[in-house]
1. Can you name every residue in segment 127-145 that is loosely packed, with under 12 Cβ neighbours inside 10 Å and under 13 Å from V53 (Cα atoms)?
2. Restricted to segment 73-91, and to residues that are crowded, with 17+ Cβ neighbours inside 10 Å and touching a residue at least 24 places away in the same chain (Cβ under 8 Å), which residue is farthest from E144 (Cα to Cα)?
3. Do we have any residue at all in segment 8-25 that's in contact with a strand residue (DSSP E or B) (Cβ under 6 Å, 6 or more places away or on another chain) and among the charged types (D, E, K, R)?
4. Of the conditions (1) touching a Leu at 6+ places or on another chain (Cβ under 7 Å); (2) part of a strand (DSSP E or B), N98 fails just one. Which one is it?
5. Those residues that are on the phi > 0 side of the Ramachandran plot and touching a Leu at 6+ places or on another chain (Cβ under 7 Å), I need them from segment 101-118; list them, please.
6. Looking only at residues in segment 31-64 that are of a type in the set (A, V, I, L, M, F, W, C) and not in a loop (DSSP other than H, G, I, E, B), which one is surrounded by the fewest Cβ atoms within 10 Å (Cβ to Cβ)?
7. Restricting attention to segment 2-21, does a residue exist that is in contact (Cβ under 8 Å) with a residue 24 or more places away in the chain and acidic (D, E)?
8. So is A122 surrounded by 10 or more Cβ atoms within 10 Å (Cβ to Cβ), at pLDDT 60 or above and touching a Leu at 6+ places or on another chain (Cβ under 8 Å) or not?
Amino acid sequence: MLDGTGSMGVFKDIKNLLIGMRITGKHLGRHAITIQYPEEKWTMPERSRGVVVLLSDKETGELNCTGCMLCMRACPTAAIEIDAPRGEDKKRTLKVFNVDNALCCYCGLCEEACNFSALKMATMYEYSTPDKGDLFWDMKKLQEAGRDVPYEDKRKKKKAKPVEAAPTKEATPVKEDTQTGPPPPDDKASDTAEKEDEG
């Protein structure tokens, strides 16, 4: 014996089947949008978050990283390891910069924390490997991966002050006084003098 809820359930299922077939029918005659990977590769958007890379100066080729460790502190999974001891001049020297991509959650907090355009989440995503140790990238590998990555340099570079030439002693022109004799009397002074004479 069928109750009211059982028959209504069948009609609901048929309705949902027809809705799904209608959506399939819309796309039936259209060109397929499937990309045949790996022969075809999708161009990743600029803001996509792939592997972390270290960026180098466009002119000198040296790393932009100053060893401030802000990215290491911002990383929620402790995937970044930095060793940058202070030298005698009290400036940090970058010795070690490692990223464990097996721990990285690709959140982008390290990129946001960096004030020196030193690292970026690149658009690379093809680095799967059967060996977990290959996902541990050292400073050299991170720099090589970031060589061709485009970025906007947001660092504040100190501009070299232009060297000013020593001022030359030039003869300053002397204004010639065309008047001879005493200066002309002031109008106000002459008015007060006349009033005194009258009084």
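1. Answer for segment 127-145, where residues must be loosely packed, with under 12 Cβ neighbours inside 10 Å and under 13 Å from V53 (Cα atoms): just K140.
2. Taking the candidates together, the pick is C75.
3. Our first condition is that a residue be in contact with a strand residue (DSSP E or B) (Cβ under 6 Å, 6 or more places away or on another chain); within segment 8-25, this holds for none.
No, there is no match, as no residue in segment 8-25 is in contact with a strand residue (DSSP E or B) (Cβ under 6 Å, 6 or more places away or on another chain) and among the charged types (D, E, K, R).
4. All conditions pass for N98, except number (1).
5. Initially, segment 101-118 is screened for residues on the phi > 0 side of the Ramachandran plot, giving 106, 108, 117.
Residue satisfying the conditions is S117 alone.
6. L63
7. There is no residue in segment 2-21 that is in contact (Cβ under 8 Å) with a residue 24 or more places away in the chain and acidic (D, E).
8. no
The values are calculated or read from the model by the stated rules, or taken from the named source; none is laboratory data. Predicted, not measured: the structure shown is a model, and the values here were computed from it. Reconstructed Cβ throughout: ideal geometry from the backbone, glycine too, with neighbour counts over all protein chains shown.
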